[in-house]
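Comments concern the structure below.
The values are calculated or read from the model by the stated rules, or taken from the named source; none is laboratory data. Everything quoted here is computed from the prediction, not taken from an experiment. Cβ placement follows ideal geometry from the backbone for every residue including glycine, while neighbour counts extend to all protein chains displayed.
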Amino acid sequence: MTEQRLISELEQLVSEGRNPNTMHIDLLPTFDILREINYEDQTVPTAVEKVIPAIAAAVNQIVAAFQKGGRLIYMGAGTSGRLGVLDASECPPTFSVPPDMVIGLIAGGPEALQNSIEGAEDDPDQGRQALQDIKLTSADVVVGIAVSGRTPYVIGGLNYAKSIGAVTVALSCNPNSVIAGIADLAISPVVGPEILTGSTRLKSGTAQKLILNMLTTASMIRIGKSYQNLMVDVHASNKKLVARATRIVMQATGCTQADARRVLDQTGNDVKLAILMEITGMGIEEARAALQNAGGFLRKAISAKTA
C-alpha cells in the first residue's frame, strides 16, 4: 500500500481525527491537562453503553462455545493485542479455567508485549498462522481487536477463522470498519478523536478494555463461575487469594472465619464446594456429586438440596 493511500484511509477514520477540544492542550499547566484528559475519558462509558446489544450477542456466542468445549481467542496488534492478552491471562486465576480456554494472540508474538515488532501487524498471513498454530476449530470464537478496524494481521485471522466455521467478532472504534464487514458480529464503540491525535491507547484503548472485561466476566457468570456476586471459582494460589477464599465463604454462608477455614481445608481451598457443604451440611463427596449434577452452578445445587 502506498503512503498516499494509507494517509487517505487514516483521514477517513474517526479515531484518527483531531479533537477540537484539545487543540490548546500543549499550552496548559499540569492540572488543566489532567482535567481535559478526564473530561474526554468520561465519554467512553457512554459509547460502550450504546453497543451493549452487540456485546450481549457476542457473550451469548462465547457461552455457547464454552458449553461445547470451545475457546475464546483474542487477536490484535499493539495496544489492542496487549489488552487481549491481559484479559485472557487474568481468566485462569480469577475463574479457575484452563489456560487455553481464553487465549490472547498479539502480532509479533510474546516479545511484542513489551517491544514494538515493526511490520508484524501488516502481515495478514501472520494472523492466519497464529490461529493455525493454536489449532483453531469451528467450536471456537475469535475476537479480532483493532481500533482502526483495518489491521491486516486481524483481517487475516478473521478471514481464516470464518473459512473454517468459527464464530467471528470484530471489536473496533470506527463505524463500518473493514473487520466489521468480515466478522459475524461487530462491536463498534465510537469514542471520537483522541486527546492526542491518533494515540488510540487512550479513549479507544479504555473502551476496548471495558468491553473485554464485559465479554469474559459476563460469559463466566453465565457458565456458573459466580454465586450471587461472589467469585466462587477463584483459584487460591497465593496468600491474598487464600484470605479472599476464606472471606468469600464467610460472605456466602455467614459462618465464622474458623468454620470457613475448616471447610476450605477439607476441600483443598475449593470455594464453591466449601460453600455448598457449609450451607447444606453435605459431606464432601455428596457435595461434589451435587455440583456435578447442577452443571457447576452453585445456586442450582443449593436449591436442589434445600427445596
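Looking at R222, is it closer than 21 Å to L291 by Cβ, under 19 Å from the mean Cα position of the chain (by Cα) and either surrounded by fewer than 18 Cβ atoms within 10 Å (Cβ to Cβ) or among the acidic types (D, E) (or both)? For R222, the condition - closer than 21 Å to L291 by Cβ, under 19 Å from the mean Cα position of the chain (by Cα) and either surrounded by fewer than 18 Cβ atoms within 10 Å (Cβ to Cβ) or among the acidic types (D, E) (or both) - is met.
Taking the conditions exactly as written (aromatic (F, W, Y), outside any loop (DSSP other than H, G, I, E, B) and more than 28 Å from the chain's Cα centre (by Cα)), does F66 satisfy them or not? Before you say what the answer is, go through the steps one by one.
Numbers: aromatic (F, W, Y): yes; outside any loop (DSSP other than H, G, I, E, B): yes; more than 28 Å from the chain's Cα centre (by Cα): no.
Considered against the rule, which asks whether it is aromatic (F, W, Y), outside any loop (DSSP other than H, G, I, E, B) and more than 28 Å from the chain's Cα centre (by Cα), F66 comes out as no.
If we scan the range 94-107, do we find a residue that is in the same structural domain as K135 (by TED's automatic domain parsing), more than 24 Å from M220 (Cα to Cα) and of a type in the set (S, T, Y)? No, the range 94-107 contains no residue that is in the same structural domain as K135 (by TED's automatic domain parsing), more than 24 Å from M220 (Cα to Cα) and of a type in the set (S, T, Y).
Here is a yes/no grid of residues against (1) among the hydrophobic types (A, V, I, L, M, F, W, C); (2) assigned to a helix (DSSP H, G or I):
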residue	(1), (2)
S15	no, yes
L34	yes, yes
A58	yes, yes
I73	yes, no
R82	no, yes
A88	yes, yes
L105	yes, no
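Contact map, the range 258-285: residues that are free of Cβ contacts under 8 Å to residues at least 40 places away in the same chain paired with residues that are among the small types (G, A, S) and assigned to a loop (DSSP other than H, G, I, E, B), Cβ distance under 7 Å, separation 6+ or inter-chain. Pairs shown: N269/A236. If I filter the range 29-51 for residues that are touching an Asp or Glu at 6+ places or on another chain (Cβ under 8 Å) and surrounded by fewer than 19 Cβ atoms within 10 Å (Cβ to Cβ), do I get at least one hit? No - not one qualifying residue is present in the range 29-51. In the condition set (1) surrounded by 18 or more Cβ atoms within 10 Å (Cβ to Cβ); (2) in a helix (DSSP H, G or I); (3) not hydroxyl-bearing (S, T, Y), C255 is compliant with all but (2).
Pairs meeting the criteria (first residue in the range 240-252 and surrounded by 18 or more Cβ atoms within 10 Å (Cβ to Cβ), second residue of a type in the set (K, R), beta carbons under 8 Å, at least 6 apart or on different chains) are T246/R261.
Does any residue of the range 238-254 turn out to be in contact with an Asp or Glu (Cβ under 7 Å, 6 or more places away or on another chain) and assigned by TED's automatic domain parsing to the domain that holds K272? Yes, the conditions are met somewhere in the range 238-254. There is at least one residue in the range 87-100 that is surrounded by 16 or more Cβ atoms within 10 Å (Cβ to Cβ), under 28 Å from D233 (Cα atoms), touching a Phe, Trp or Tyr at 6+ places or on another chain (Cβ under 7 Å) and among the small types (G, A, S). Residues of the range 260-299 that are within 20 Å of F95 (Cα to Cα), of a type outside the set (D, E) and not in a helix (DSSP H, G or I): G268, N269, A294, G295, G296, F297.
Please pick out the residue among E49, E90, E36 that is touching a helix residue (DSSP H, G or I) at 6+ places or on another chain (Cβ under 6 Å) and of a type in the set (D, E, K, R). Show your work before the answer.
Values: E49 fails: touching a helix residue (DSSP H, G or I) at 6+ places or on another chain (Cβ under 6 Å); E90 fails: touching a helix residue (DSSP H, G or I) at 6+ places or on another chain (Cβ under 6 Å).
Result: E36 is the single residue among E49, E90, E36 that is touching a helix residue (DSSP H, G or I) at 6+ places or on another chain (Cβ under 6 Å) and of a type in the set (D, E, K, R).
Of the residues contained in the range 290-306, one or more are found to be at pLDDT below 95, of a type in the set (V, I, T) and surrounded by fewer than 16 Cβ atoms within 10 Å (Cβ to Cβ).
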